[in-house]
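Just so you know, all these numbers are worked out from the coordinates, no wet-lab data involved. Bear in mind the structure is a predicted one, so any value in this text is a computation, not a measurement. No Cβ is skipped: glycine too gets one built from the backbone with ideal geometry, and neighbour counts run over all protein chains shown.
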Amino acid sequence: MRRREAIAALGSACAAGWAAPARAQDASGRVALPDARLLDQAGGAHRLRALCEPPVVVGFFYTGCSTVCPPQTAMLRALRERLDAAPRGAPRARLLSITVDPLGDPPEAIRAYARRFKLRLGLDAGWLMLTGDAAELRRVWTAFGVPVGDPEAHSSLLWLGSARGRWTRASSLTPTDKLLDLLRGVAA
């Protein structure tokens, strides 16, 4: 219960800036991506905008989740496998799983989560699980309209798009074939 209380206190302390997420998309379907500095599962630093240069699938998770995150992670693993097996010319995409619980999800917790789900992570593998400073993450959550303060209330949506292109959303339980079709659309 202490972690939940700490997260609630952190949310309350920053309530003025965290109260209501900004609108995630403008009328053109673009997301105003912050140039947030995030840490991957190995502790390596990355800038979100740079990670979103090829088309990406962005999802939000936390390692202590026992509801939507495990099936979402399994679906993303299946999507990664399909993308890796796709013939040349098929859409290429990077998967980004971003924590909603920076206090509970340092890189070592994310690595343990990845081992539990037998995930291959890294830039070369096309999938990063990201954490970081709460203020940096707050900018990311706000850009994607993710509720702040209670990890259990996180969105189960996936965002598909790129730094310069338009974005679309899908349920985290959308079938892989449909996600591939959506990726083709945002990559075009």
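Assorted remarks:
- Dipole of the stretch 108-154, positive end: most advanced residue of 143, 126, 109 [Cβ charges, Cα centre]: 126
- Between residue 95 and 57, 127, 128, the built amide H atoms are under 5 Å apart, and every one of these is 5 or more places off in sequence or on another chain.
- Cβ crowding within 10 Å, taken as a proxy for footprinting-reagent exposure, orders 97, 156 from fewest neighbours to most as 156, 97.
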